[in-house]
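I have placed the structure first, in the form of structure tokens, so that the comments after it can refer back to it.
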Amino acid sequence: MTTGITHHIPQPLLVAYASGALPHPFALVVASHISLCDECRAQAVAHDHAGGAVLEELSGSDLSEGLKGDVLALLDAPRVQARPQGRVGPYPGPVMEALKGAPPRWKRMGLGTRQTILHDGPEGSVRLLYIPAGQAVPDHGHNGLELTLVLQGAFRDETGRFGPGDLEVADDALEHTPVAEPGEPCICLAATDASLRFSSFVPRLLQPLFRI
Amino acid sequence: MFTCEQTYEPIEGGVPVAAATPRMSDDRSALSEQTGWMLRVRDARDKAAFARLFDHYAPRLKAMGMRAGLGAAQAEEVVQDVMLKLWDRAAQFDPDRAQVSAWIYQIARNQMADLRRKEFRPVPEALLTPEEPEPDAAQAVALEQETTRLRKALSALSDEQRQLVEMAYLGELSHAQIKEGTGLPLGTIKSRIRLGLDRLRHELKGTRP
């Protein structure tokens with residue numbers, strides 16, 4: 001658990017996460033924030049209780065004959081239990097799962113900024129960003145939703161200061177210029193449901209090259 | 001209104017002191033049947049209690065799967081996987097922090113998301129549990145009461161609103177569509193769960209460096 005978190009997960013995202021409807025890149029960020037924030041963990045579990053109440057009220061479907069017997073017969077069968085990844089350094093368990101337990105393999109993006117793409121698909125992308133202290137993240141707007149979770153260091157932009165565990169929720173209305181604070185490098189987990197469009201620094205033509 | 005559930009009012013009285021708290025086994029009568037069955041599965045690996053849980057939840061889980069667009073056979077596969085996980089992970093069940101239905105709900109939606117994506121859905125780090133947890137029946141009973149209130153509130157909603165809530169929690173609405181709220185009293189249940197978490201953190205402090 002990280003203390004001093006001031007920017008949390010908005011409720012609609014928590015409900016979508018609880019129901020399984022949130023696209024994978026955002027679900028990774030939400031699960032990572034919950035790993036660091038007991039306030040949002042409690043809120044997420046509260047939504048599970050609402051989901052549980054809905055489950056209780058559902059009228060059940062008839063089961064195939066034999067399903068119950070099959071399941072009871074399997075109780076003592078050996079099963080491989082997944083061993084979930086725990087936190088390593090600034091990387092919470094869900095990020096370590098996405099990294100398959102290995103350290104991030106950084107790719108340079110210029111001016112000391114680096115990235116590791118964790119997932120890129122039709123429903124969006126999620127990456128780790130490494131921004132040297134004092135360095136600006138290229139000025140960019142968004143085609144859609146962007147979630148940025150600070151894992152180490154801190155950044156500031158037009159909307160405020162974001163330290164470890166803080167989550168910034170940006171939509172396409174926000175053109176912002178995050179700047180890493182002096183001190184240690186800022187490492188973020190960032191998910192978008194579309195390619196970022198940089199308004200400077202990385203020309204648009206180069207975006208496919210960087211996959212950003 | 002989903003966005004207005006963030007009023008986190010503290011619960012009167014706070015967490016009861018451990019010394020004055022009866023052991024869970026002394027006060028199980030105050031808990032629901034489902035919780036009782038789940039505790040028997042957890043503590044005694046009781047297959048008869050598991051069968052009761054199966055009878056209660058398996059048909060509902062199948063309905064949940066079919067609402068999510070699964071065919072009958074696939075929905076039954078989910079039922080089987082969820083019920084086996086319930087058995088395998090019973091040691092993690094903690095009535096201080098989750099009701100059985102909430103616990104099964106999150107296992108089920110993870111299972112369904114994994115099935116849809118053919119890869120594991122990101123889940124938060126599991127909480128460490130103390131080697132000898134001090135059961136807190138008062139906390140578990142209070143959480144149960146909050147859940148009962150939640151279910152009453154759900155059934156008191158207008159048909160239209162109830163449908164919206166069902167759709168949201170059965171994964172039929174996207175995050176962008178979930179703007180209207182529920183009117184469900186989640187603030188108090190969240191505060192209660194937070195108390196359970198704080199208590200767990202406090203217990204862990206003594207046992208971990």
Could you give every pair whose Cβ atoms fall below 6 Å, whose first residue belongs to segment B:142-162 and is free of Cβ contacts under 8 Å to residues at least 24 places away in the same chain, and whose second residue is assigned to a helix (DSSP H, G or I), counting only separations of at least 6 or pairs across chains? B:R151/A:A53
If I filter segment A:5-27 for residues that are outside any helix (DSSP H, G or I) and on the phi > 0 side of the Ramachandran plot, do I get at least one hit? yes
Segment A:76-96, subset surrounded by 15 or more Cβ atoms within 10 Å (Cβ to Cβ) and at the interface with chain B (Cβ under 7 Å from one of its Cβ atoms), residue farthest from A:C37 (Cα to Cα): A:G86
Just give me the residues in segment B:69-96 being more than 8 Å from every other protein chain (Cβ to nearest Cβ), surrounded by 18 or more Cβ atoms within 10 Å (Cβ to Cβ) and under 19 Å from A:L58 (Cα atoms), in sequence order. B:L70, B:V78, B:V82
Taking interchain pairs and intrachain pairs at least six residues apart, which have beta carbon atoms under 8 angstrom, with the first residue in segment A:174-193 and among the hydroxyl-bearing types (S, T, Y) and the second assigned to a loop (DSSP other than H, G, I, E, B)? A:T177/A:V137; A:T177/A:D139; A:T177/A:E158; A:T192/A:H142; A:T192/A:N143; A:T192/A:G144; A:T192/A:L145
Taking into account only those residues within segment A:55-69 that are within 7 Å of another protein chain (Cβ to nearest Cβ) and outside any loop (DSSP other than H, G, I, E, B), which is surrounded by the fewest Cβ atoms within 10 Å (Cβ to Cβ)? A:E57
Unmet requirement for B:R52, which otherwise passes all of (1) assigned to a helix (DSSP H, G or I); (2) touching a residue at least 60 places away in the same chain (Cβ under 8 Å): (2)
Candidates B:R40, B:R67 - the one that is out of contact with any helix residue (DSSP H, G or I) (no Cβ under 7 Å at 6 or more places or on another chain) and basic (K, R): B:R67
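Just so you know, all these numbers are worked out from the coordinates, no wet-lab data involved. No experiment lies behind these values; they were computed from the predicted model shown. Don't worry about glycine lacking a Cβ; one is built from the backbone with ideal geometry, like all the others, and counts go over all protein chains shown.
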